[in-house]
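Q: To start, I am sharing the structure in question, which I have written as structure tokens.
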Amino acid sequence: MEYTAAHQLARAIRESEEYKTYHSLKETVMADDTQAALIREYRRLQTAIQMTVMSGMQADADDMQRFNGISSLLFSKPEVSQFLLAEMRMQQALGDIFRIVTEAADIEINLPGV
């Protein structure tokens, strides 16, 4: 299999304005240890809550309360909010690319959100 196109796609992603914005914001917000720790906890809680809900169970009330509190705190800071939104846009774009590639290969991969 030829991987030239995959390397070209990787280069195009790195050269895109979306990636440059995301990467720049990431460097800035993750340089602050407190913000970085809050972002890691936000992601951990988000994943745990999503997995619980996807399994048909009710999310833990304490986790939901903590997630909502951290979300409010993070999204109240413009730079962090911009970073998280840029990250979501990158994740969506990568999900779209993954879907396009798997469809081209006629492979069914059932991943949540893809």
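Q: Evaluate the relative contact order of the chain (contact order divided by residue number), counting alpha-carbon pairs under 8 angstrom at least 6 apart; express in whole percent.
A: Dividing the mean separation by the residue count of the chain yields 28 percent.
Q: How long are the semi-axes of the equivalent ellipsoid of the chain, taking √(5λ) for every eigenvalue λ of the Cα gyration tensor, in whole Å from largest down? Working shown, then result.
A: Values: eigenvalues 173, 100, 17 Å².
Ellipsoid semi-axes (Å, largest first): 29, 22, 9.
Q: What FRET efficiency comes out for the pair Met51/Ser71, r = Cβ-Cβ distance, R0 = 25 Å, nearest 0.05?
A: It comes to 0.90.
Coordinate-derived values only; no laboratory data. The model shown is predicted, which means the values in this text are computed figures rather than measured ones. FYI the Cβ positions are ideal-geometry reconstructions off the backbone, even for glycines, and counts take in every protein chain you see.
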